[in-house]
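Below is one structure; the comments refer to it alone.
The values are calculated or read from the model by the stated rules, or taken from the named source; none is laboratory data. Keep in mind that what you see is a predicted model, and the values were worked out from it rather than measured. In this analysis, Cβ positions are derived from the backbone assuming ideal geometry, glycine residues included, and neighbour counts consider all displayed protein chains. These area figures cover heavy atoms from the full protein model, side chains too; ligands, DNA and RNA do not enter into them. Shrake-Rupley method; radii C 1.70, N 1.55, O 1.52, S 1.80 Å.
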Amino acid sequence: MNVRRFPDRAVLGREAAADIAAFLRERLASKANVRVVFAAAPSQQETLSALVEAPDLDWSRITAFHMDDYLGLPADAPQGFGNWLRRVIFDHVPVGSVHLMRTDGDPVARSKEYADLLAEAPVDAVCLGIGVNGHIAFNDPPYVDFADPLAVKVVTLDSVSRQQQLDEGHFPTFDAVPSQAITLTVPRLLDADRLFCMVPGVAKAPAVRRTLHDEITTDCASTILRTHADCTLYLDADSASELD
């Protein structure tokens, strides 16, 4: 895995966005449409904000997806990941198509609908992060399946993952954090041609160390990223602090 280190998260965000934009321009030079999956998390804020400002990027030929969302929140809840992505990126650029997860109704049916949308054509890139427990998307350690037959599914969030959402200030109490979500599975994420993984912050340092040095295991889902042919990990000084 290609690992790039930067002094702080602002520089990380600018450099990651530059790489993502360069990749998208290259793909758009040879394809009519490019399909990208975006993560919604504070760790992605600097990158996506910089990507909005990227010059000479034809957003009208980009189809956007996101990788997970909570179940049980009101449609307009600010914590909803689709709503977060609207505020940070989709309301600021003329994206050709944005496919946000629907979390109303039957979640299993909604998962299948989203999987079908993703399956209409190959996914060119995924912009993701890593959770404090090593999760990618909402594939938490107790429930990760590296050979999952599904592309999108309903999952239960483990307590570490829910605590992270509380610690990042998204919810007033632990009990207010939803216990279930819809997520892209690990095989669906790895099926993309290119992975851009932005992981700033000292809270992520143990997960970064495990990602790079532990055995590839479902105990730390992000270790599987080392098997992808083209994945770049972007770190700041804090998240890389346990590597030296």
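Out of ALA229, ALA237, ALA205, I need the residue that is free of Cβ contacts under 8 Å to residues at least 60 places away in the same chain, open to solvent by 40 Å² or more (accessible area, probe 1.4 Å) and over 18 Å from ALA40 (Cβ atoms). Which one?
Of the residues listed, the single one that is free of Cβ contacts under 8 Å to residues at least 60 places away in the same chain, open to solvent by 40 Å² or more (accessible area, probe 1.4 Å) and over 18 Å from ALA40 (Cβ atoms) is ALA229.
Each row is one residue, and each column tells you yes or no for (1) at pLDDT 95 or above; (2) under 14 Å from the mean Cα position of the chain (by Cα); (3) part of a helix (DSSP H, G or I).
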{"residue": "ALA10", "(1), (2), (3)": "yes, no, yes"}
{"residue": "ARG14", "(1), (2), (3)": "yes, no, yes"}
{"residue": "ILE20", "(1), (2), (3)": "yes, yes, yes"}
{"residue": "PHE23", "(1), (2), (3)": "yes, no, yes"}
{"residue": "GLU26", "(1), (2), (3)": "yes, no, yes"}
{"residue": "SER30", "(1), (2), (3)": "yes, no, no"}
{"residue": "GLU46", "(1), (2), (3)": "yes, yes, yes"}
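For the structure I just gave you, tell me whether SER49 is farther than 21 Å from ASP193 by Cα, of a type in the set (S, T, N, Q) and open to solvent by less than 20 Å² (accessible area, probe 1.4 Å). Steps first, answer last, please.
Details: farther than 21 Å from ASP193 by Cα: yes; of a type in the set (S, T, N, Q): yes; open to solvent by less than 20 Å² (accessible area, probe 1.4 Å): no.
When the stated conditions are applied, SER49 does not pass them.
Based on this model, can you work out whether ALA151 counts as at negative phi, at pLDDT 95 or above and touching a helix residue (DSSP H, G or I) at 6+ places or on another chain (Cβ under 9 Å)?
In short, yes.
Is it the case that some residue within region 184-201 is of a type in the set (D, E, K, R), over 28 Å from ASP124 (Cα atoms) and either open to solvent by 40 Å² or more (accessible area, probe 1.4 Å) or without any contact (Cβ under 8 Å) to a residue 40 or more places away in the chain (or both)?
Within region 184-201, not a single residue is of a type in the set (D, E, K, R), over 28 Å from ASP124 (Cα atoms) and either open to solvent by 40 Å² or more (accessible area, probe 1.4 Å) or without any contact (Cβ under 8 Å) to a residue 40 or more places away in the chain (or both).
List every residue pair whose Cβ atoms lie under 8 Å apart, where the two residues are 6 or more positions apart in sequence or sit on different chains, the first residue falls within region 23-36 and is within 18 Å of LEU51 (Cα to Cα), and the second residue, located anywhere, is among the aromatic types (Phe, Trp, Tyr) and surrounded by 19 or more Cβ atoms within 10 Å (Cβ to Cβ).
So the pair list comes out as PHE23/PHE196; ARG35/PHE65; VAL36/PHE65.
Going by the structure shown, is ALA40 assigned to a loop (DSSP other than H, G, I, E, B), without any contact (Cβ under 8 Å) to a residue 12 or more places away in the chain, open to solvent by less than 20 Å² (accessible area, probe 1.4 Å) and within 23 Å of SER111 (Cβ to Cβ)?
no
For region 102-124, what are the residues that are at pLDDT below 95 and not charged (D, E, K, R)?
Those that are at pLDDT below 95 and not charged (D, E, K, R): THR103, GLY105.
Only one of (1) in contact with a helix residue (DSSP H, G or I) (Cβ under 8 Å, 6 or more places away or on another chain); (2) in contact (Cβ under 8 Å) with a residue 12 or more places away in the chain; (3) open to solvent by 20 Å² or more (accessible area, probe 1.4 Å) fails for SER60. Which number is that?
All conditions are met except number (1).
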